[in-house]
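Encoded as structure tokens, the structure appears first; notes follow it.
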Amino acid sequence: MTLKDLSGKHMLATQVFGLSIKALVDHLMDMVERRPNPIKKNEIKWVLTVPAIWTDGAKQFMRKCAESAGILSDRLILALEPEAASIFCQYSTAEEQHRIETGTSYMVVDLGGGTADITVHEKMANGKLKELSRADGSNCGGTSVDDRFFQLLVKILGGQLMKFLRDYNLSAYLSLFREFETVKRTIDSIKTDYVNMVVPCSSLEKLCKKFLGEDFTSAIKSSPLKNDIRLCGDKIRINVDRMMKLVIPTIDDIVALMNDVLQRKKASGVTHIMLVGGFAECRLIQDRVNESFPDKTIIVPREAQLSILKGAVLFGHNPDLVKYRVMRFSYGIETSRTFIDKQDDKKYMKLVDGEKLCHKLFAKLVSKNEDVRCGKKIQREFFTSYANQDEIIFKIYISTDENPCHIDEESCKVIGEMRIKLHNPCRAKRYVDVEAVFGNTEIGITAVDRKTRQKITSSFNLV
């Protein structure tokens, strides 16, 4: 994936994200280096938060971006955003009216910009957390409302003008959408008929004359939405019903997603719902969730938009706060065994040295929906298949089924490849013990030469 910088040159996505992270790192280091006893970069443990519904490949991508920004791999951990929020709420709710007692099952609804992330947790003894139901989510965060607002402006001003504003007048564009961010959180259909928004009138006035041949006021009056929107000084007044149409579809999607998760057997005991993330501060969402789930205690912590940030700090100090996670997929590797007549499909039969083998079997490591203790280790044996072999390669597969049989089933796909370099290759068969670690925020895989018991150089690349 490539993007363009301001000069029009193409940049890899890893460069864009890496430079963004580096800007944050540099900003922090500039501040701490001014202190009487400055902290060195390699003395800091860095926590990078990601949505729980992201793939393993997406998580590895963000890790590579952070490392390209100068963060050492062993000083970096990834935190899942709804988990970080859940950890923060353990502390914040203890000081507020809603206290989460040990044994309580609760849902965390993380409403960020791009996604809505939902997990179900149980509070264990000593403040530890157990995930009860696999993370779920969708692209129904706050930016889906922003997209509809952008399309509303397109109806008024035209796509060409709005595209120019976004691409070449970024300060005015960001100012417009920062104002909209405030409005969409505070909109109240009961108390008002119109919503007021400050807009960058000077920039819009110039662009209207350039692209439309008329001023900003005339553009509004001649648009199909002239009955719902009007200009008053440096503000536009939008009919509240029109504004509601921008927000309600996203709220519908969020509530439907919450209902889907609550229908699961493992979520049947949920008594509390926590709304966190910036979009959780939207009054319309809070009202709708209260109406839709009257039998649940709804909690919106103070500064909901900062709950993930603060929770990530707590998680960084104590990653063991989460004891169990639920697998979103089944994970496995390809294997083969003796072919069993009248049981195995003949299309999977393969003759090897005169022996009938059933190949392309999905050798399961962990199952979808399985409760896995964080740091669970699973070992598998691999060996060379020919003389002087200097590398062993195997692929990691996932499946949306709990018990897949073959790697070529529709539910299965490759997510990565492990390459194990063998030093001093020889004619004798070499055995390698591979250990996979599940239940953490990232998959960990190491390889050890059975004869020497030394770790072998290996690379694990996810897609």
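Number of residues in the range 183-193 that are of a type in the set (D, E, K, R) and open to solvent by 50 Å² or more (accessible area, probe 1.4 Å) equals 2.
Which number in (1) modelled with pLDDT under 95; (2) touching a strand residue (DSSP E or B) at 6+ places or on another chain (Cβ under 7 Å) marks the one condition that Leu48 misses? Answer for Leu48: the failing condition is (1). Scanning the range 353-371 for residues that are farther than 21 Å from Arg134 by Cβ and in a strand (DSSP E or B), we see that the one that is least open to solvent (accessible area, probe 1.4 Å) is Cys358. Checking the stated criteria, Val276 turns out not to satisfy the condition of being touching a residue at least 40 places away in the same chain (Cβ under 8 Å), in contact with a helix residue (DSSP H, G or I) (Cβ under 9 Å, 6 or more places away or on another chain), surrounded by fewer than 18 Cβ atoms within 10 Å (Cβ to Cβ) and not small (Gly, Ala, Ser). For Lys40, the criteria (1) out of contact with any helix residue (DSSP H, G or I) (no Cβ under 7 Å at 6 or more places or on another chain); (2) of a type in the set (Lys, Arg); (3) within 27 Å of Gly444 (Cα to Cα) hold in every case but one, which is (3). Residues of the range 372-410 that are part of a loop (DSSP other than H, G, I, E, B) and surrounded by 15 or more Cβ atoms within 10 Å (Cβ to Cβ): Cys374, Thr384, Gln389, Asp401, Pro404, Cys405, Ile407, Glu409. Going residue by residue through the range 420-434, is there one that turns out to be surrounded by 14 or more Cβ atoms within 10 Å (Cβ to Cβ) and of a type in the set (Gly, Ala, Ser)? No, the range 420-434 has no match at all.
The rows are residues; the columns are (1) touching a residue at least 40 places away in the same chain (Cβ under 8 Å); (2) more than 20 Å from Lys130 (Cβ to Cβ).
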position: Met244; (1), (2): yes, yes
position: Thr271; (1), (2): yes, no
position: Glu291; (1), (2): no, yes
position: Glu303; (1), (2): no, yes
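Scanning the range 279-302 for residues that are of a type in the set (D, E, K, R), surrounded by 15 or more Cβ atoms within 10 Å (Cβ to Cβ) and farther than 23 Å from Gly114 by Cα gives a single hit, Lys296.
The residues in the range 109-127 that are touching a residue at least 60 places away in the same chain (Cβ under 8 Å) and in contact with a helix residue (DSSP H, G or I) (Cβ under 6 Å, 6 or more places away or on another chain) can be counted, and the count is 10. Whenever a residue of the range 331-344 is within 14 Å of Glu409 (Cα to Cα) and touching a residue at least 24 places away in the same chain (Cβ under 8 Å), its partners that are open to solvent by 60 Å² or more (accessible area, probe 1.4 Å) and in a strand (DSSP E or B), lying with C-beta atoms within less than 9 angstrom and at least six residues away or across chains, give the pairs Tyr331/Lys364; Gly332/Lys364; Ile333/Lys364; Ile333/Arg380; Ile333/Lys395; Glu334/Lys360; Glu334/Lys395.
Taking the condition of a type outside the set (A, V, I, L, M), touching a residue at least 60 places away in the same chain (Cβ under 8 Å) and touching an Asp or Glu at 6+ places or on another chain (Cβ under 7 Å), does Lys377 pass? Taking the combined requirement at face value, the residue satisfies it.
Just one of Ile71, Ile77 is in contact with a strand residue (DSSP E or B) (Cβ under 7 Å, 6 or more places away or on another chain), among the aliphatic types (A, V, I, L, M), crowded, with 16+ Cβ neighbours inside 10 Å and under 30 Å from Ile100 (Cβ atoms); which is it? Of the residues listed, the single one that is in contact with a strand residue (DSSP E or B) (Cβ under 7 Å, 6 or more places away or on another chain), among the aliphatic types (A, V, I, L, M), crowded, with 16+ Cβ neighbours inside 10 Å and under 30 Å from Ile100 (Cβ atoms) is Ile77. Hey, among the residues in the range 36-68 that are farther than 21 Å from Met327 by Cβ and of a type in the set (Lys, Arg), which one's surrounded by the most Cβ atoms within 10 Å (Cβ to Cβ)? That would be Lys41. Within the range 133-169, the set of residues being farther than 24 Å from Val195 by Cβ and either assigned to a strand (DSSP E or B) or under 26 Å from the mean Cα position of the chain (by Cα) (or both) comprises Ser133, Arg134, Ala135, Asp136, Gly137, Ser138, Asn139. Screening Arg430 against (1) more than 26 Å from the chain's Cα centre (by Cα); (2) modelled with pLDDT of 90 or more leaves a single unmet condition, (2). What do you reckon, is Val25 of a type in the set (Val, Ile, Thr), modelled with pLDDT of 90 or more and in contact with a strand residue (DSSP E or B) (Cβ under 7 Å, 6 or more places away or on another chain)? Considered against the rule, which asks whether it is of a type in the set (Val, Ile, Thr), modelled with pLDDT of 90 or more and in contact with a strand residue (DSSP E or B) (Cβ under 7 Å, 6 or more places away or on another chain), Val25 comes out as no.
Yes or no: Gly416 in contact with a helix residue (DSSP H, G or I) (Cβ under 8 Å, 6 or more places away or on another chain) and either at pLDDT below 90 or under 27 Å from Lys64 (Cβ atoms) (or both)? Against the criterion (in contact with a helix residue (DSSP H, G or I) (Cβ under 8 Å, 6 or more places away or on another chain) and either at pLDDT below 90 or under 27 Å from Lys64 (Cβ atoms) (or both)), Gly416 qualifies.
The single condition from (1) over 17 Å from Gly316 (Cα atoms); (2) open to solvent by less than 50 Å² (accessible area, probe 1.4 Å); (3) not in a strand (DSSP E or B) that Lys22 fails is (2).
The values are calculated or read from the model by the stated rules, or taken from the named source; none is laboratory data. Computed from a prediction, not measured in an experiment: that's the story for all the values here. Using ideal geometry, Cβ is built from the backbone for each residue, glycine included, and neighbour counts are taken over all protein chains shown. Side chains included, ligands, DNA and RNA excluded: accessible areas come from the protein's heavy atoms. Shrake-Rupley method; radii C 1.70, N 1.55, O 1.52, S 1.80 Å.
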